[in-house]
1. Out of the residues in the range 226-275 that are without any contact (Cβ under 8 Å) to a residue 60 or more places away in the chain and outside any loop (DSSP other than H, G, I, E, B), which is surrounded by the most Cβ atoms within 10 Å (Cβ to Cβ)?
2. Of the numbered conditions (1) modelled with pLDDT of 95 or more; (2) over 19 Å from THR187 (Cα atoms), LYS261 satisfies every one except a single condition; which is it?
3. So which residues in the range 62-72 are buried (at least 20 other Cβ atoms within 10 Å of the Cβ) and of a type in the set (Gly, Ala, Ser)?
4. For a quick check of your reading of the model, give me the residue pairs whose first member lies in the range 289-317 and is in a strand (DSSP E or B), whose second is at pLDDT 95 or above and open to solvent by 40 Å² or more (accessible area, probe 1.4 Å), with beta-carbon atoms closer than 6 Å and at least 6 apart or on different chains.
5. Given the criteria at pLDDT 95 or above, among the aliphatic types (A, V, I, L, M) and more than 18 Å from the chain's Cα centre (by Cα), does ALA171 qualify?
6. Just wondering, is there one or more residues in the range 82-97 that are in contact with a helix residue (DSSP H, G or I) (Cβ under 6 Å, 6 or more places away or on another chain) and small (Gly, Ala, Ser)?
7. Could you say whether any residue in the range 175-182 is of a type in the set (D, E, K, R) and on the phi < 0 side of the Ramachandran plot?
8. Of all strands (runs of 3 or more DSSP E) completely enclosed by the range 73-189, which ones contain at least 3 residues that are open to solvent by 10 Å² or more (accessible area, probe 1.4 Å)?
Amino acid sequence: MSHRLRAAFTLIELLVVIAIIAILIGLLLPAVQKVREAAARMKCQNQIKQIALSCHSYHDVHGRLIPAYVGNTQLSWTVYILPYMENDPLFKAMDTNPGGSYTGTNRNNPYGLTRIANYLCPSSPVEMMQTGAPNNVNPPDLVPATSGQPPFTLHYYGMTGPRGTNPTTGAAYPVTTCSHDGVPMATSGMFQPDVRANVVVGPIKLTDVTDGTSNTIMIAEMSWASTYGTRYRSWLRGGESGSCFACGARNATNAINSALKANLIGQYNDVPMGSMHTGGANFALGDGSVRFIRDSVDMPTYRALASRNGGEVLGNY
């Protein structure tokens, strides 16, 4: 009887198999990461759309758009849309009576420790306000204000309007006469504070968006994580009465994602929009639709999209 010896792998064959498996894994991992990012980007789009629709619901009830912040409570617009985002119990738990201060009193800022999932982009690694340099964080944002924990932050911001030159008229876009960190607030966007330098502004209505709600940015994503810092604040902090800044709103001045390439966090009102999504960020337009705008969009078009009544001719975006 003859016996056949079973063939075995040689060392070279084993190394070849290992190399093939390594190559396959190397090809598979980027594909998995792309699928995961695509899912995160879609979730982000759904979240910003829900926020935009909640702003429309607020408008339906109150007959005006939500202010960027309410001066006599110092709370942000993100607080006042909570009832339209299935968070009515949280809204009712807050003190929204006129008077008092957000800063230093712990009146409402402890609610900053509440994580609002719809306010956080799943692609961003920064969910809480970062403390210490280079973020220049003020103690009132911490819980308690004297030391304590940093609050959860916000990744979706109201658009106060553009700063720069209107490409159609050649005139400068309107801004406030006061400033914060040397930068004024734009006044031609869909989000405006109800008090600015002790002057009531607005109310802004959808009928005031004469450029068309489908051509005007209402909410913009700002969820990038930069080595230069972020200047992100508590999701519920609005601003101070008579001030020229809004923690939950920004100007369209600098290019999308430009904060990933340069230190622009000192220009508080001009801190750029952007995200960790490849090549751009999500934006909700005034009609509630959501667009992913590439960071390569030309600045005249970007500023025109940020203006509610500039009469510009839009380019491709």
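The values are calculated or read from the model by the stated rules, or taken from the named source; none is laboratory data. On a predicted model such as this, the values are computed, not experimentally measured, just so you know. Note that each Cβ is placed from the backbone with ideal geometry, even for glycine, and that neighbours are counted across all protein chains shown. With ligands, DNA and RNA removed, areas are computed over all heavy atoms of the protein, side chains included. Shrake-Rupley method; radii C 1.70, N 1.55, O 1.52, S 1.80 Å.
1. Step by step, filter the range 226-275, then rank; the result is ALA259.
2. Result: LYS261 passes all but (1).
3. ALA68, GLY71, listed by residue number.
4. These pairs meet every condition: VAL290/GLN45; VAL290/LYS49.
5. yes
6. No, the range 82-97 has no match at all.
7. no
8. 175-180
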